[in-house]
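Engineer: Got a structure here, written out as structure tokens. Questions coming.
Each reported figure results from applying straightforward, stated rules to the coordinates on display, with no laboratory input. These numbers were taken from a predicted model, which means no experiment stands behind them. Glycine also receives a Cβ, built like all others from the backbone with ideal geometry; neighbour counts cover every protein chain displayed.
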Amino acid sequence: MSQPDPSFIRLQGISKHFGDFVAVDNVDLDIGRGELFSILGGSGCGKTTLLRMLAGFETPTAGRIEIDGVDVTTVPPYERPVNMMFQSYAVFPHMSVEKNIAYGLRKERAPAAQIAKRVDEMLELVQLADFRRRKPVQLSGGQQQRVALARALIKRPKVLLLDEPLAALDKKLREHTQFELMNIQDELGITFVVVTHDQEEAMTLSSRIAVMHKGRFLQVGKPKEIYEYPCNRFVADFIGTINTFEGTVTAVDDDGIAIESTDAGTSITALGQHDVAVGKPACIAVRPEKVFIGRDEPSDSSDIRMRGVVDDLAYLGNLSLYRVRLASGKIILVSQQNRQRSAERYVEWEDEIWVSWRPRSSIVLVEDR
Amino acid sequence: MELLGRRDLWWRRLIVAIPYLWLFVFFALPFLIILKISLADPIMARPPFSETVSADNFIFLLNDKLYAITYLRSIVLAAAATVLCLLLGFPMAYGIARSTPAVRSFLLLLIVLPFWISFLLRVYAWMGLLNNYGVVNNLLIWLGVIDQPLQIMYTDFAIFLGLTYSYLPFMILPLYATLERMDLDLVDAALDLGASRTAAFWDITWPLARPGVVAGCLLVFIPAMGEYVIPYLLGGPEAMMIGRVLFDEFYFNRDWPLASAVAIMLLVILVVPIVFLQRNQAREAESAA
């Protein structure tokens, strides 16, 4: 099918200023052909502006946008090989479902027979064949979204832009739509660029994620890389939950580092090479699911170990969540899978317990740059 | 429907009855009185109409060309003013609807600001602008565009300007209300799907703004049609509009029956297209639902 092309979409030094406000600040990015790429960030981080520049609704203040080797920086939206699914869906309220879907091809002045055939294909794809003559007001939110999707796909764009595609759907429909989108993407081989503020949405959908903050990319990588090896505190905090320990570096060697943490009241080690120096402050973090909880002292002395008291616990069926108060007063979060069904819960409220994790689960966080 | 108790039902009926009662007392009843007078003959008495019933006044109206011409002139002038109001009002309403909230409320204030001054005074001010030694003529002479003052005052053109000026806000406000509600993403979506800016306007903005266009046109056309003050002050002595004829028949000729017949005819001319438009809209709304 399509050849791998790592820089199918290429952004070079893209900036966008609105007056004094810098919405997007000198961003470079390559997106490969057929990728499902997510731009993840909070509101006002510049992700929507970036998407609108890809669509052609905004012109960059500086920089260059290439799609499939063609410079489209100043090309108007109606001449770009790009279509967009809007967050509001923007389904035309005065047109029937089929007229909405046909709109793009009509504007291309495609032959009527071809339009009819492609509309049928699209209705099939999004399973709306029975609704073709309905007006948008007669459709549910999820159905309107499928109309928007079909309408954006009918011209077979090289790139499909999706603005918060799942934000307005309820939980059940979200999961369904999520997989539907992935299937469609897989089937058509179109490059998807998704903008979202929802880290779970980004994690499950994407082949790669860019975490955006204040107009810049903090980290670009596969979902797993971003989750397991966040490059700084913001990313670590934004994606999932995390426990952080402040401290002073006591040892650095080729295998790892150690800090003496007052938060934890003990020494914490982490593997790998890090840009830190002895005597300087540093932060080590760990994800809640990497922490083990137990009544007995862990036997492996290389583990990071601390004593604590269970302050609170929540049984979620598949998981149990614990809030553990350390001797220093710091609260850490621990989650544990409930692998076995047992008559009594192993750890209870106010139990004195041990928490521990392996040094290779420790994440060293540098300050935000 | 036993959910509603008897008392609730009575309350409901009472509340619905109030506007109907209002319309009956202040519209239907006077209308019936006017209808009755229009069928009488003028006599020198008080009140100045007979108790007889005949269609003489309507026959007279239909046979006298002067009235037909006056109705026609009123329709043409009102329609021309409506079209110009739409051409001026649409971009203005669009601009207001798309400006930032702070600017928007300021612009809306500017639109309604003229209402602070009496309508009569504003029309008088146009006399000062348009007469032979008025602001417009002086400016054109000073610029060297013309040597002799143009006769603008006391022409149909002056009426046309006066109508357009006076009723422009009634076009802008309903248009603004529909355009402001419109989702901007719709236009972006059309552009994204390959429509040029012009195509996006005709495919998306215009059809969605149509309820506002219809409301604005009715709000301008109906009162402009029966306008009395503007043709009286800005129009020439023979540039009659139907509102002025109505007034003259009633006030100077004291021919109440004929004046009533003129009013009934005016109502018929206005009501027929409105009913047609409303049925059209109702049908559209039905097909959408």
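Engineer: Classify chain A as rounded, prolate or oblate, taking a ≥ b ≥ c as the square roots of the eigenvalues of its Cα gyration tensor: rounded when a/c is under 1.5, otherwise prolate if a/b is larger than b/c and oblate if not. Spell out each step's value before the answer.
Structural biologist: Numbers: a/c = 2.97, a/b = 1.79, b/c = 1.66.
Prolate.
Engineer: Name the residue, out of A:Asp198, A:Asp170, A:Asp68, whose mean-square fluctuation peaks in a Gaussian network model built on chain A with Cα pairs under 10 Å.
Structural biologist: Of A:Asp198, A:Asp170, A:Asp68, the Gaussian network model singles out A:Asp170 as fluctuating most.
Engineer: Mind checking B:180-191 for the average number of partner chain beta-carbons within 10 Å of each residue's beta-carbon? Intermediate values should be presented prior to the final figure.
Structural biologist: On the way: counts 0, 0, 1, 7, 2, 10, 8, 1, 9, 16, 7, 10.
Mean inter-chain Cβ contacts per residue within 10 Å come to 6.
Engineer: Taking every DSSP beta bridge with both residues inside the protein assembly as shown, roughly what % is antiparallel (nearest 5)?
Structural biologist: Values: 62 of 81 bridges.
Among the beta bridges of the protein assembly as shown, antiparallel pairing accounts for roughly 75 percent.
Engineer: If you wrap a convex hull around the alpha carbons of the protein assembly as shown, what volume per residue comes out, as a whole number of Å³? Let's see the in-between values first.
Structural biologist: Values: hull volume 200.7 nm³, N = 658.
In the protein assembly as shown, the Cα convex hull volume per residue is 305 Å³.
Engineer: Further, regarding this structure: Work out the FRET efficiency for B:Val271 and B:Arg122 from their Cβ-Cβ distance, taking R0 = 30 Å, and round it to the nearest 0.05.
Structural biologist: 0.55
Engineer: Sort B:101-113, A:272-284 for me by packing, meaning the mean count of neighbouring Cβ atoms within 10 Å per residue, highest on top. Don't jump to the answer; show the numbers that get you there.
Structural biologist: Values: B:101-113: 12.3, A:272-284: 14.6.
By packing density, highest mean first, the sequence is A:272-284, B:101-113.
Engineer: Looking at chain B as a GNM with Cα springs under 10 Å, which of B:Ala97, B:Ala80, B:Ala190 has the largest mean-square fluctuation?
Structural biologist: B:Ala190
Engineer: If you don't mind, another one. Would you work out if segment A:241-365 is rounded, prolate or oblate? Take a ≥ b ≥ c from the square roots of the eigenvalues of the alpha-carbon gyration tensor; rounded if a/c is under 1.5, else prolate when a/b is larger than b/c, oblate otherwise.
Structural biologist: Working: a/c = 2.29, a/b = 2.00, b/c = 1.14.
Verdict is prolate for segment A:241-365.
Engineer: Still on this structure, I have one more. Which aspartates and glutamates have a Cα lying under 15 Å from the Cα of A:Lys290, excluding residues fewer than 8 positions away in the same chain?
Structural biologist: A:Glu228, A:Asp303
Engineer: Taking the alpha-carbon distance from B:Lys36 and a cut-off under 13 Å, which aspartates and glutamates remain once sequence neighbours fewer than 8 residues away in the same chain are dropped?
Structural biologist: Once the sequence-local aspartates and glutamates are set aside, what remains near B:Lys36 is B:Glu51, B:Asp56.
Engineer: Need one number: % antiparallel among DSSP beta bridges in chain A, to the nearest 5. Mind dumping the intermediate values first?
Structural biologist: Details: 61 of 80 bridges.
Taking every DSSP beta bridge within chain A, about 75 percent pair in antiparallel fashion.
Engineer: Over its Cα atoms, what ratio of radius of gyration to 2.2 N^0.38 Å does segment B:145-253 give?
Structural biologist: Working: Rg = 20.2 Å, N = 109, 2.2 N^0.38 = 13.1 Å.
Computed over Cα atoms of segment B:145-253, the ratio equals 1.55.
Engineer: Please report the net charge: other residues with Cβ closer than 11 Å to the Cβ of A:Val195, K and R +1, D and E -1.
Structural biologist: Net of charged neighbours comes to -2.
Engineer: Taking a ≥ b ≥ c as the square roots of the eigenvalues of the Cα gyration tensor of chain B, is the shape rounded (a/c under 1.5), prolate (a/b larger than b/c) or oblate?
Structural biologist: Working: a/c = 2.08, a/b = 1.09, b/c = 1.91.
Verdict is oblate for chain B.
Engineer: How many Cβ atoms of partner chains, on average, are near each residue of A:72-80 if near means within 10 Å of its Cβ? Numbers along the way, then the final one.
Structural biologist: Values: counts 0, 0, 0, 0, 3, 9, 10, 3, 3.
Across the residues of A:72-80, the mean count of other-chain Cβ atoms within 10 Å is 3.
Engineer: Which of B:Met240, B:Ser105, B:Ala209 sits farthest toward the positive end of the charge dipole of chain B, with +1 on the Cβ of Lys and Arg and -1 on the Cβ of Asp and Glu?
Structural biologist: Going by the charge dipole, the pick is B:Ser105.
Engineer: While we're here: Within straight cross-link reach of A:Lys117, meaning Cα distance under 17 Å, which lysines are found once same-chain residues fewer than 8 apart are removed?
Structural biologist: Cα-Cα hits under 17 Å: A:Lys99, A:Lys107, A:Lys155.
Engineer: For the cross-link pairs A:Lys135/A:Lys171; A:Lys172/A:Lys224; A:Lys171/A:Lys330, which exceed 28 Å when the distance is taken from alpha carbon to alpha carbon?
Structural biologist: A:Lys171/A:Lys330
Engineer: Also, quick follow-up: For every helix of n ≥ 4 consecutive DSSP H residues, a contribution of -39,500 (n - 2.57) applies; sum these over chain B, divide by its total residues, and give [θ] at 222 nm rounded to the nearest 500 deg cm²/dmol.
Structural biologist: Numbers: 14 runs with 211 residues, N = 289.
Calculated from helices alone, the mean residue ellipticity at 222 nm is -24000 deg cm²/dmol.
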